[in-house]
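Asks: Take a look at this one; I'll ask things after.
FYI, it's all coordinate maths here, none of it is from the lab. Computed from a predicted model, the values in this text were never measured in an experiment. Cβ placement follows ideal geometry from the backbone for every residue including glycine, while neighbour counts extend to all protein chains displayed.
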Amino acid sequence: MDFSYSPKVQDLQKRLGAFMEEHIYPNEATYHDEVEANRAAGNPWVPTRVMERLKEKAREQGLWNLFLPESKYGAGLTNLEYAPLCEIMGRSHIAPEAFNCSAPDTGNMETLVRYANEEQQRQWLLPLLDGKIRSAFAMTEPAVASSDATNIEARIERDGDEYVINARKWWTSGAPDPRCEILIFMGKTDPDNPSRHSQQSMILVPMKTPGVRMERPLNVFGYDHAPHGHGEMSFENVRVPVTNVLLGEGRGFEIAQGRLGPGRIHHCMRLIGLAERALELMCRRALSRRPFGRPLSDQGVTRERIANARILIDQARFLVLNAAWMMDTVGNKVAKKEIAMIKVAAPTMACQVIDWAIQAHGGGGVCDDFPLAAAYAQARTLRFADGPDEVHRNQIGKLELERYMTAR
């Protein structure tokens, strides 16, 4: 395997880095101030003007839809080629959306590319690729342990040429965003099927469908992530055409596994960039602060943390590159262990590195004068999102044990 970056990727890295320096970092405070101004006016769930300007600039520079390997709609990059670019975007909480490479839209677009028919793609994929609308993924439920997707209780019942949906969902990321026009909804069409993995289906549900209700936005460690956010939603006798089903009845679990592979690795790619920025902030802080008459960087404990942070970040990066390479060469299904490994390793690494950076910043680290508190909230949440650590560790352990069971 060769993890060196091709001239094409190096060029994109240079262009992305320049865009980040010229447009993204200087506008982080502007974005935050605009959200807070909207909040003070009574509605933080208003798309910001600065983000729309950033998206226009990114599109003009050809830095748009860089994901989607093996698709005519993407930039023609493999997962391995996309990894260092996604890492750069991950350094800022506003960057992924500016390049139309943010969750959950990337995962939903990958789902539509892989599993939607031509009409479904025309209606929903093309506007998402164009950045005109946003989307959400409705799977997790408050009443059941949704880390086991076979537990979900949402009902999808056929009535003639329509499906009738009744459910309560939460952590539907993106749903509070007024630009969110389509949900990919997972529920049970055949709850009595003896195969627990054939009971579920995925349905396209337009947000404006009668019976779809946003109950409340959910905070993450006090952050509501407006104007995007995460929602708790109810679905009461929601009717959609049977043509809105993806791939066919009983294929929901299969689609979920196909969707979550790319989604998980994208999160991990971004987390490496987030951790790199935290390490950079920690180093700059350590060189500039002088407790007890000497620079913080002279303290052995500080140097040890910086060294360990560099080791942890590079370890996680190589694990991610290896998983990306395997996804490209042998497919997501064969790479499931490697994907599970990075989903445990990257958030754990990022939480530790960001925690050390917070410690180096003292009181400043836990307030919003620096991006570290919000970064920690993001990284810690990703130990749950797309499957909790425990589920992935369990899968890794089972796959490892199988090697020895078959060898006996």
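Asks: Mind pulling the angle between the C-alpha long axis of helix 336-361 and the longest principal axis of the chain? Nearest 10 degrees, somewhere in 0 to 90.
Replies: Around 40 degrees separate the two axes.
Asks: Could I ask something else about it? Quick check on the chain: of the DSSP beta bridges with both residues there, what percent are antiparallel, nearest 5%?
Replies: 85 percent
Asks: Only Lys, Arg, Asp and Glu count, each charged at its Cβ (+1, +1, -1, -1), so figure out the dipole size of the chain about its Cα centre, rounded to 20 debye.
Replies: 860 debye
Asks: Which one of 257, 378, 44 has its Cα pushed farthest toward the positive end of the charge dipole of the chain, where Lys and Arg give +1 and Asp and Glu give -1 at the Cβ?
Replies: The residue sitting most towards the positive pole is 378.
Asks: Given 37 °C and 0.692 mPa s, compute D for region 1-140 with the Stokes-Einstein relation, Rh being the Kirkwood radius over Cα pairs; round to the nearest whole µm²/s.
Replies: D = 203 µm²/s.
Asks: Sticking with the crude label model, points 7 Å out along Cα→Cβ, report the distance from residue 308 to residue 153 in nm, one decimal please.
Replies: Those two pseudo-labels are separated by 4.3 nm.
Asks: Shifting gears a bit: Taking the radius of gyration and the Kirkwood hydrodynamic radius from Cα positions alone, what is the Rg/Rh ratio for region 253-405, to two decimal places?
Replies: Rounded to two decimals, Rg over Rh is 1.07.
Asks: Of the peptides 347-357, 325-335, 245-255, 269-279, how do they stack up when ordered by the mean number of other Cβ atoms within 10 Å, highest first?
Replies: Sorting 347-357, 325-335, 245-255, 269-279 by mean packing, highest first, produces 269-279, 347-357, 245-255, 325-335.
Asks: Now a separate question. Just to verify a number: FRET efficiency for residue 52 and residue 208, C-beta to C-beta distance, R0 = 25 Å, to 0.05?
Replies: 0.70
Asks: For the Cα atoms of the chain, what angle does the longest principal axis make with the long axis of helix 372-381, in degrees from 0 to 90, nearest 10?
Replies: Rounded to the nearest ten degrees, it is 40.
Asks: Sticking with this structure for a sec: Between residue 318 and residue 192, what length comes free when the chain is fully extended (0.36 nm per residue of separation minus the Cα-Cα distance, one decimal in nm)?
Replies: 41.0 nm
Asks: Further, regarding this structure: Place +1 on the Cβ of every Lys and Arg and -1 on the Cβ of every Asp and Glu in the chain, take the dipole about the Cα centre, and give the residue among 366, 142, 95 whose Cα lies farthest towards its positive end.
Replies: 366
Asks: Still on this structure: Would you work out if region 134-249 is rounded, prolate or oblate? Take a ≥ b ≥ c from the square roots of the eigenvalues of the alpha-carbon gyration tensor; rounded if a/c is under 1.5, else prolate when a/b is larger than b/c, oblate otherwise.
Replies: Oblate.
Asks: Using the Cα centre of region 99-231 as origin and beta-carbon charges of +1 (Lys, Arg) and -1 (Asp, Glu), tell me which of 104, 211, 156 is placed farthest towards the positive end of the dipole.
Replies: Towards the positive end, the residue furthest out is 104.
Asks: Using the Karplus equation 6.51 cos²θ - 1.76 cosθ + 1.60 (θ = phi - 60°), what ³J(HN,Hα) coupling, rounded to whole Hz, does each residue of region 230-245 give in order, writing x for Gly and Pro?
Replies: Karplus values, whole Hz, x for Gly and Pro: 9, x, 9, 10, 10, 10, 10, 6, 7, 10, 9, x, 5, 5, 7, 6.
Asks: Tally Lys and Arg at +1 and Asp and Glu at -1 over the other residues with C-beta under 12 Å from the C-beta of residue 287: what net charge comes out?
Replies: Neighbourhood net charge equals +4.
Asks: Related question: Please compute the modelled spin-label separation between residue 394 and residue 10, points set 7 Å along Cα→Cβ, answer in nm with one decimal.
Replies: Distance between the two pseudo-spin positions: 4.6 nm.
Asks: May I pose another question? Explain nothing, just the number: dipole magnitude of region 7-103 about its Cα centre with +1 on each Lys and Arg Cβ and -1 on each Asp and Glu Cβ, in debye rounded to the nearest 20.
Replies: I would put it at about 220 debye.
Asks: Quick one: the Cα spread of region 71-196 along its three principal axes, in angstroms, biggest first?
Replies: 45, 32, 31
Asks: Right, something else. In Å and on Cα atoms, what radius of gyration and Dmax does region 346-408 show?
Replies: 17.2, 58
Asks: Where a Cα-Cα gap under 18 Å defines reach, which aspartates and glutamates qualify for residue 57, not counting those fewer than 8 residues away within the same chain?
Replies: 11, 21, 22, 28, 97, 130
Asks: With label points built 7 Å along Cα→Cβ from the Cα atoms of residue 22 and residue 144, find their separation and express it in nm.
Replies: 5.1 nm
Asks: Compute, for region 253-405, the length of the dipole vector about the Cα centre, with Cβ point charges of +1 (Lys, Arg) and -1 (Asp, Glu) only. Units Debye, rounded to 20.
Replies: Approximately 200 debye in magnitude.
Asks: If you don't mind, another one. Would you kindly calculate the translational diffusion coefficient of the chain, applying Stokes-Einstein with the Kirkwood radius from alpha carbon pairs, for 4 °C and a viscosity of 1.567 mPa s, and quote it in µm² s⁻¹ without decimals?
Replies: Stokes-Einstein gives a translational diffusion coefficient of 58 µm²/s.
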